[in-house]
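The values are calculated or read from the model by the stated rules, or taken from the named source; none is laboratory data. If you're wondering where the values come from, they're calculated on a predicted model, not measured in any experiment. Counting neighbours? That spans all protein chains shown, and the Cβs are built from the backbone with ideal geometry, glycine included. With ligands, DNA and RNA removed, areas are computed over all heavy atoms of the protein, side chains included. Shrake-Rupley method; radii C 1.70, N 1.55, O 1.52, S 1.80 Å.
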Amino acid sequence: MYKLNFKIILAFLLIFSSTFIFAQKKFTVVLDAGHGGSDHGANRSYPDIGLVEEKNVTLAIVLKLGAMLEKNKDFKVIYTRKIDEYPSLTDRTNIANRSKADLFISVHVNSSPSRSATARGTETFVQGPAQNRENLEVAKQENSVIYLDEKDKETFASYDPSSPESLIALKLQQSKYLENSLIVGSFVEANFEKSGRFSRGVKQENLHILRRSAMPSILIETGFVNNYEDALYLSSEKGQQEVAENIYKAIIDYKKATDRKAGVELITKKPEPQKPVEVPLKNDFRILLMTVPNKYNLNDPELRGLNYILPIKENGIYKYYYGVTNMASVKDINLKTAKDAGFKNAYAVGFMPNQKLVTGYYNIEVYAGKDKLSSNSPILLALKDVERNKSNGIFYYTYGKVYTLEDAVQLQKDLEDKGIKNTVIQKNFK
Ligand SMILES: [Zn+2]
C-alpha cells in the first residue's frame, strides 16, 4: 500500500514537472538583417562574382539562421525585416525592446576604406563600457521602464529614473548585458574560426543599434565586401549557410550556458555561498572626484554628467564628492561609476555621521563671482543676513551657520527649495 502510494505520487510529480517544462518561456531571438531597401550598405562589383551587396547578403544569412531556429521548439524568432525594406535603426531596436527578447543579433558585412583589400575576416561588436554613461542617459530619457525586466521590477520596486538607486540598478543591468553579449560574441567568433575563417575577434564599440537594445546584443560583421575571398564566400549559398550555422551553434551554446546556471546573470559569476545580509558601515562614504580651486555648476562638462555631487569648500579649495552611502557594496559601485566617468584618481572618503565641528562651523556659499550682486538679485531678496566678502577680485556671499555636515546639507536643500541653486557647503575653521 505504501509502495503504491509512492508510485502515484511519483506519477503526479512526473506529470507536474513535465507540464512545468512545457510551460517554460521560449527563448526569444531578434534577428536583424543589416540595411535594406534604399540603404544598400557596403557593396562591391567583381567581374566574375558580379555585384555583392551587403543588404542582400545579410538578409540571406538571417533567413537561413531564422529557419534553423524556428525548427527548434525552444526558440521564438522575431525578424526586424524579412524582405528588402529599410526599418530605421530606432524601429529595429524598438521591435527588440517591445518583444522583451533574450538576445539581439544584427548581421552585417564589412568594408575597409582602402581599396587595397587587405582587410579580411569576421568581427563581432558589443556595446563598449566607455559609453555606459551615455547609455544611462538614453535609458533614463526614453526606455526607463523597458530597461527593467520582471525580476528587476521586484528587486527595484520603487523605480524612479532620477534616483541614485535606480542609476545603480541601470548600471548593473548594463554590465549584465555586456558580460552576456561578450559571451555570445566570443562563441560566434570561435565558431567562425573553427570553420576556417579569419577571426578579428570580439570588440567593444559605441554603435547605435547596440546602444539602444535592452538585452544582450551583438553586431556581427561576417566578412569584408572588398576582400575578394570574403566576397566570394559571402555571396555563395554554401558560405551563407555556413555563417548561419556558426551563429546558430553559438546561440544554442549560449542558451545552454544560461539554462545550466538557471539565470542569465549568473553565467559569468561563480556560484557564491549564501552571503550574510550586508551590515551597514559605521561611517558614510562619499567618492572624492577632484580637489580644485574652481567652482563648477551641475551641468558643467568638468563633472562629466554625474549627478548627486556635493561640493565642499575648505581653505579656498573645492572638493567634489559623488554619492553617499553606508553600504560597502554601494560604495564600490559608486567608485566604479566615478572611474568609468573619467575620474581615474577618485577614492572613497569616510565621514563620521553627525559629527559636530568644535573648532569651526559650516556655512553655505550662495554666490561667488567677479560681479557684485545687485540689491534686487533673487539671492539677496530671498535671504536676510547674507555675509559678503571679497578676495582676489572675487565677491563671495555666504549664508547660515551650522555645526554638522548633515545640517549643512539640509540647509543647502532648503535654499534650493527657495530657488537658490548651485551653492557650495563651506567648512570654516576658527
Ligand atoms: Zn552594415
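Residues that are open to solvent by less than 100 Å² (accessible area, probe 1.4 Å) and under 24 Å from ASN283 (Cβ atoms) within region 356-388 comprise LEU357, THR359, GLY360, TYR361, TYR362, ASN363, ILE364, listed in sequence order. In the set (1) at pLDDT 90 or above; (2) under 25 Å from the mean Cα position of the chain (by Cα), ILE95 fails one condition alone, (1). Taking residues in region 224-236 that are open to solvent by less than 10 Å² (accessible area, probe 1.4 Å), and partners anywhere that are in a helix (DSSP H, G or I), the pairs with Cβ atoms closer than 6 Å and at least 6 places apart or on different chains are PHE224/ASP230; VAL225/ALA231; LEU234/VAL57.
If only residues of region 89-117 that are in a helix (DSSP H, G or I) and within 13 Å of the ligand (Cβ to nearest atom) are counted, the one that is farthest from ILE251 (Cα to Cα) is LEU89. Residues of region 56-88 that are over 15 Å from ALA244 (Cβ atoms), within 16 Å of the ligand (Cβ to nearest atom) and open to solvent by less than 60 Å² (accessible area, probe 1.4 Å): THR80, ARG81, PRO87, SER88.
Taken over region 22-52, the criterion of being among the acidic types (Asp, Glu) and either under 12 Å from THR80 (Cβ atoms) or open to solvent by less than 30 Å² (accessible area, probe 1.4 Å) (or both) is satisfied by ASP32 alone. For region 405-424, check the following and say yes or no: at least one residue is assigned to a strand (DSSP E or B) and more than 21 Å from THR325 (Cα to Cα). For region 405-424, residues assigned to a strand (DSSP E or B) and more than 21 Å from THR325 (Cα to Cα): absent. When region 299-351 is filtered for residues that are in a strand (DSSP E or B), among the hydrophobic types (A, V, I, L, M, F, W, C) and in contact (Cβ under 8 Å) with a residue 60 or more places away in the chain, the ones remaining, listed by number, are LEU310, ILE312, ALA348, VAL349, PHE351. If you filter region 383-426 down to residues that are under 16 Å from LEU298 (Cα atoms) and of a type in the set (S, T, N, Q), you find that the one that is nearest to the chain's Cα centre (by Cα) is ASN422.
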